[in-house]
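Undergrad: A single structure is presented below for examination.
The values are calculated or read from the model by the stated rules, or taken from the named source; none is laboratory data. This structure is a prediction, so every number in the text was calculated from the model and none was measured. A quick note on method: Cβ atoms are made from the backbone with ideal geometry, for glycine too, and the neighbour counts reach across all protein chains shown. The area values use the complete protein model at the heavy-atom level, side chains included, leaving out ligands, DNA and RNA. Shrake-Rupley method; radii C 1.70, N 1.55, O 1.52, S 1.80 Å.
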Amino acid sequence: MDIKIAPSILSADFCNLERDLERISNADMVHVDVMDHHFVPNLTIGEPVVKRICEVTDLPVDVHLMIDDPDRWAPGYAERGAHSVTFHMGATHAPVRLARQLHDMGCEAWFAVRPAEPVEPIFDILEEFDTILIMTVEPGFGGQKFLANQMGKVRRLRDEITRRGLDTNIQVDGGVSPKTAATVAQAGANILVAGSAVYGAANPAKAINEIRDTAAAAYRD
């Protein structure tokens, strides 16, 4: 699988968001965190802003819902142009039904696992999802320290995907940087979300290339 880099606009300048989207034009997708101040203790953006992001960028828009009741709200983001919608294990009531609904709308369905949650319960429904997101920080805020102890979870998931001959992607979100990219890729992740490591760099495009090249050299299939 090719390594893909998804910069998180949580670390961008929200007053200059279109400019900051242009600064990551060499990325593979743009990661948009939607938080509701309930599922996580932070509040970000909603459907109108996501709609405009989809309109002004040529990159696929990866919407990460850190919200309660994604069963109700996720389809709205698909309608507004999201390439993929991620929802959390601890928030959805009917993950398979929601995944199939998103697929019927032409949108990819991605499933997220927080650090304290095991990945094994997903194994029975892996076929329903295009990507599994393993959180390597607690969801809610950018700039947190990378949790290396989540790599065992990534490896077990990659082994299961390989054993069953699936083409499911593994995304990792949290603390990804040029220093941690090799560790993440060696464990088996092929989509890397990076926020502060990209937007905190003097040259975001150069930082994207560095993370991608480091991960590609270390990737474990």
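Undergrad: In the stretch 79-173, which strands (runs of 3 or more DSSP E) lie fully inside it and hold 2 or more residues that are among the small types (Gly, Ala, Ser) and on the phi < 0 side of the Ramachandran plot?
TA: It comes to 108-113.
Undergrad: Can you pull out the residues in the stretch 42-52 that are under 17 Å from the mean Cα position of the chain (by Cα) and closer than 14 Å to Ser84 by Cα?
TA: Selection gives Val50 alone.
Undergrad: Moving on. Please go through the stretch 184-200 and give me each residue that is open to solvent by 20 Å² or more (accessible area, probe 1.4 Å), among the small types (Gly, Ala, Ser) and either in contact (Cβ under 8 Å) with a residue 60 or more places away in the chain or over 18 Å from Met29 (Cβ atoms) (or both), ordered by number. Spell out the reasoning first.
TA: From the stretch 184-200, those open to solvent by 20 Å² or more (accessible area, probe 1.4 Å) are 186, 196-197, 199-200; that's our starting set.
With the extra rule that they be among the small types (Gly, Ala, Ser), the set shrinks to 196-197, 200.
Within the stretch 184-200, Ser196, Gly200 meet the criteria.
Undergrad: Restricting the search to the stretch 163-183, which residues are open to solvent by 30 Å² or more (accessible area, probe 1.4 Å), in contact with a Ser or Thr (Cβ under 9 Å, 6 or more places away or on another chain) and closer than 18 Å to Phe111 by Cβ?
TA: If the condition is that a residue be open to solvent by 30 Å² or more (accessible area, probe 1.4 Å), in contact with a Ser or Thr (Cβ under 9 Å, 6 or more places away or on another chain) and closer than 18 Å to Phe111 by Cβ, then Asn169 is the only one that fits.
Undergrad: Determine which member of the set Glu138, Glu160, Glu128 is touching a Gly at 6+ places or on another chain (Cβ under 9 Å) and either charged (D, E, K, R) or surrounded by 15 or more Cβ atoms within 10 Å (Cβ to Cβ) (or both).
TA: Glu138
Undergrad: For the stretch 20-51, which positions are farther than 24 Å from Gly200 by Cβ and either in a helix (DSSP H, G or I) or open to solvent by less than 20 Å² (accessible area, probe 1.4 Å) (or both)?
TA: Glu47, Pro48, Lys51
Undergrad: Sticking with this structure for a sec: What are the pairs, 6+ residues apart or on separate chains, where a residue within the stretch 151-167 that is farther than 13 Å from Ala187 by Cα has its Cβ under 8 Å from a residue that is in a helix (DSSP H, G or I) and open to solvent by 10 Å² or more (accessible area, probe 1.4 Å)?
TA: Hits for this filter: Leu166/Glu127.
Undergrad: May I pose another question? Please specify each residue of the stretch 170-188 satisfying the condition of being under 11 Å from the mean Cα position of the chain (by Cα), farther than 11 Å from Ala6 by Cβ and either modelled with pLDDT of 95 or more or of a type in the set (D, E, K, R) (or both).
TA: Hit for the stretch 170-188 is Ile170, nothing else.
Undergrad: State whether the residues of the stretch 53-62 include one that is under 18 Å from Ile132 (Cβ atoms) and under 18 Å from the mean Cα position of the chain (by Cα).
TA: Checking the stretch 53-62: at least one residue is under 18 Å from Ile132 (Cβ atoms) and under 18 Å from the mean Cα position of the chain (by Cα).
Undergrad: Residue by residue through the stretch 201-212, note down the ones that are out of contact with any Phe, Trp or Tyr (no Cβ under 9 Å at 6 or more places or on another chain) and either part of a helix (DSSP H, G or I) or surrounded by 19 or more Cβ atoms within 10 Å (Cβ to Cβ) (or both).
TA: Going through the stretch 201-212, the residues out of contact with any Phe, Trp or Tyr (no Cβ under 9 Å at 6 or more places or on another chain) turn out to be 201-206, 208-212.
If the condition is that a residue be out of contact with any Phe, Trp or Tyr (no Cβ under 9 Å at 6 or more places or on another chain) and either part of a helix (DSSP H, G or I) or surrounded by 19 or more Cβ atoms within 10 Å (Cβ to Cβ) (or both), then Pro204, Ala205, Lys206, Ile208, Asn209, Glu210, Ile211, Arg212 are the ones that fit.
Undergrad: Using the structure shown, decide if Cys15 is assigned to a helix (DSSP H, G or I) and either touching a residue at least 12 places away in the same chain (Cβ under 8 Å) or polar (S, T, N, Q) (or both).
TA: In short, no.
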